[in-house]
Amino acid sequence: MMRLPNFQYRAPRTIEDAARWLAESPADTMLVAGGTDLLPNMKRRQQTPRTIVGLRGVDALRHINAGTEITIGAGVTLSAIMADARIRAACPGLWQAAAQIATPHLRNMGTIGGNLCLDTRCTYYDQGEEWRRSIGFCMKKDGKTCWVATSSPKCLAVSSTDLAPMLQALGARVRLVSAAGERTLEVADLYKNDGMYYLARRPDEILTDVTIPAQSGWRSAYWKLRRRGSFDFPVASAAVAARVDPDGRIAEARVVVGAVASRPLTSVEASALLSDKRLTDEAISAAADAALTIAKPMDNTDFELVWRKKMIRTLVTAALRDVRGDDMRAMRQRLARQIL
């Protein structure tokens, strides 16, 4: 049995108290909401904070305000997102992304803020302490070498969040609060392409809420590759959001691929190719080809990396067809057969 290391637990009731306690020692203090990522990592000694600041008692983090924009508190659970009819109607892609995370039990605990701040993953990192010690550890924790590419000057652990690619495609922004003040970042600016330092959030900051801009005229979809039909993290994903004019032409589009780098990647070329076009099979094919070029997965997660890269084309095609309004049941069956 893997046991948690010793730590001090503090339970604030307000964002201000949480920020103040975090500021006392940000280097060895971590935040926890649902605990579905941090606590297993602590058991494996991947993360060993001396103090944990628990956010479950902070009511101000558990709100959903749906007006022209939609603001979701960072403490809102994934199950609550799935249950909100306003989110499902305005942002079907976000609903799809939340619905494909883990299992019902974990969605009852996991939160939107936790999924956005999810630790990057790697075959050489997500192991018990004894296993990692046997190879001399890795660059991300206690070692000096990235075993994925031994000459790499940076860690290549992969981004495994489902919500970030979709929220990036939706043009969402996050609010970060610290004892020194607060700031707002686009979700696209929250991430860095570095497996160790993958967040632009400072250690003393709390991600308090996510705001999705007005979605009138927008359609969205999220498709994900994983070995099993539930529980697993994505090993490749595609998130698409498109603003469709009344005549059926795409006024604006964003195509984002996930789980093929240390951060979600926006395909600027694929997005541009869709502008002022109808979603014909030809337009979808061209955009999928463009998105494929930015996907550069490494051999650090499930499935063979060349196949994972090729599957980006399939996932982007599926997401765009979903946005077009196609019946996707046959595509889902085809994807399942490819995995088997």
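The values are calculated or read from the model by the stated rules, or taken from the named source; none is laboratory data. Since we're looking at a predicted model, the values are computed, not measured. Neighbour counts are summed over all protein chains in view; Cβ atoms, including those assigned to glycine, are modelled from backbone coordinates with ideal geometry. Surface accessibility is based on the protein's heavy atoms, side chains included, excluding ligands, DNA and RNA. Shrake-Rupley method; radii C 1.70, N 1.55, O 1.52, S 1.80 Å.
Points to keep in mind about this one:
- Selection within segment 94-120 - in contact (Cβ under 8 Å) with a residue 12 or more places away in the chain and over 12 Å from the mean Cα position of the chain (by Cα): Trp95, Gln96, Ala99, Ala102, Thr103, Pro104, Leu106, Arg107, Asn108, Met109, Gly110
- Given (1) open to solvent by 10 Å² or more (accessible area, probe 1.4 Å); (2) assigned to a loop (DSSP other than H, G, I, E, B), number of the condition Asn300 does not satisfy: (1)
- One residue stands out in segment 303-340 among those that are outside any helix (DSSP H, G or I) and touching a strand residue (DSSP E or B) at 6+ places or on another chain (Cβ under 9 Å): the one that is most open to solvent (accessible area, probe 1.4 Å), namely Gly325.
- Meets criteria (in contact (Cβ under 8 Å) with a residue 40 or more places away in the chain, aliphatic (A, V, I, L, M) and open to solvent by 30 Å² or more (accessible area, probe 1.4 Å)) for Ala164: no
- Ala172 satisfies every condition listed in (1) free of Cβ contacts under 8 Å to residues at least 60 places away in the same chain; (2) under 20 Å from Asp302 (Cα atoms); (3) open to solvent by less than 10 Å² (accessible area, probe 1.4 Å) except (2).
- The one condition in (1) charged (D, E, K, R); (2) within 30 Å of Val240 (Cβ to Cβ); (3) surrounded by fewer than 17 Cβ atoms within 10 Å (Cβ to Cβ) that Glu130 fails to fulfil: (2)
- Ala97 vs. criteria of a type outside the set (Lys, Arg) and touching a helix residue (DSSP H, G or I) at 6+ places or on another chain (Cβ under 8 Å): yes
- Strands (runs of 3 or more DSSP E) completely within segment 201-296 that count 3 or more residues being over 30 Å from Pro26 (Cα atoms), open to solvent by 10 Å² or more (accessible area, probe 1.4 Å) and modelled with pLDDT of 95 or more: 218-225, 250-258
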